[in-house]
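Here's the structure, in structure tokens; my notes come after.
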Amino acid sequence: MAKPYQMAQQLSRGDTLLTAWSSLPSVDLVDQLATTEFDAVTLDMQHGGHDEKSVWDGLLAIINRQKCAVVRIPVGRNDMASRALDMGADAIIAPMINSAEDAKAFADSMKFPPLGSRSWGAPRAQSLRDVEGGNAFLKSANKDTLSLAMIETREALAALDDILSVEGIDGVFVGPSDLSIAWTNGDSVDPTREDMMEAIALIAKKAKAANKFAGIFSVDPSDAPRFTQMGFQFIALGFETGLISAGATQFLAAAKGGKETKLDGGY
Ligand code: 3PY
Ligand code: MG
């Protein structure tokens, strides 16, 4: 079943989208994530186990469930950014974008001419997105699909204005774990550090001023409302392992009589 591109429109009208983060390259798990109330599923090729085949299969599953489909590519793999768009993704997250040059190279692979040099050939995306004819696809693809540049180093913070001014970059996505390592000069990884929050809020503020979107990985899900307040509209919440163990903890607590919540085991 097809699903038209909608993510860009949803963000433009001010919606907040919560995404599950898929690390395990199993199409059944991806499909399960897409059946939950998450608005999107993000397939992680940087640190997760996803490869081209699991992204190909996973995107189909997510789109069939009428959810937004996002891929995080490995560092510098702009060829994979174009390929994941050809496979049907709504948005691509590129890690470690540390300069305007990094941002330009990423944007170039994401957008058709004259904005970039994305190469033509997306019959699968066209069919999954129900776009009639190549010219209609060509006309709308650059605005329908989103390039999100990760801000997660001191260099990226210093170059933020330049990164945001690159045409073809639709938004930024904060990686708080790497940012915390940079923040502490390699001393610790602590993505929820209070002393980074002002800098993180400034990223969302600058993105908005530049008319671009802001997203973030919210390692502690209870921080999500705070990030929304700051202006982040695309918030990643967690991977399968965390979701499975949180679910197991809740089920076991209920089984041991500790919870009144009615849980459904799916049978
Ligand atoms: C980070 O926090 O560094 C990330 O890349 C989030 O996935
Ligand atoms: Mg990172």
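What follows is calculated from the coordinates using simple rules that are stated; it is not laboratory data. Since the model is a prediction, treat every value here as computed from it, not as a measurement. FYI the Cβ positions are ideal-geometry reconstructions off the backbone, even for glycines, and counts take in every protein chain you see.
Applying the Karplus parametrisation 6.51 cos²θ - 1.76 cosθ + 1.60 with θ = phi - 60° to the phi angles of the stretch 86-103, what ³J(HN,Hα) value in whole Hz is obtained for each residue in order, glycine and proline being reported as x?
The phi angles translate into 4, 6, x, 5, 7, 8, 10, 9, 10, x, 6, 8, 10, 7, 4, 5, 4, 5 Hz.
Give me, ordered by chain and number, the residues 5 or more places off LEU43 or on other chains with an amide H under 5 Å from its own placed amide H.
SER22, VAL70, VAL71, ARG72
Could you pull out every residue, at least 5 positions away or on a different chain, whose amide H is within less than 5 Å of the one on VAL174? Hs are placed 1.01 Å off N in the peptide plane, and Pro or chain starts have none.
Amide H to amide H, under 5 Å and 5 or more residues apart or across chains, VAL174 pairs with ILE151, GLY215, ILE216, PHE217.
For a footprinting-style exposure proxy, rank SER140, SER188 by other Cβ within 10 Å, fewest first. Let's see the in-between values first.
Numbers: SER140 15, SER188 10.
Ranked by crowding around the Cβ, least crowded first: SER188, SER140.
Top mean-square fluctuation among THR153, THR241, THR228, Gaussian network model of the chain, C-alpha springs under 10 Å?
Sorting by GNM fluctuation, first place goes to THR241.
Beyond 31 Å, what share of the Cα-Cα pairs of the chain remains, rounded to the nearest whole percent? Write down the numbers at each step before the final one.
Values: 8440 of 35511 pairs.
In whole percent, the long-distance tail amounts to 24.
Using the Karplus equation 6.51 cos²θ - 1.76 cosθ + 1.60 (θ = phi - 60°), what ³J(HN,Hα) coupling, rounded to whole Hz, does each residue of the stretch 25-30 give in order, writing x for Gly and Pro?
Result, ordered by residue: x, 10, 5, 5, 5, 4 Hz.
How about LYS3: which lysines have a C-alpha closer than 23 Å to its C-alpha, ignoring those fewer than 8 places off in the same chain?
LYS53, LYS67, LYS111, LYS139, LYS143
How large is ³J(HN,Hα) for each residue in the stretch 226-235, as worked out from phi by the Karplus curve 6.51 cos²θ - 1.76 cosθ + 1.60 (θ = phi - 60°), to whole Hz, x for Gly and Pro?
Coupling constants for the stretch 226-235: 5, 5, 4, 4, 6, x, 6, 10, 10, 10 Hz.
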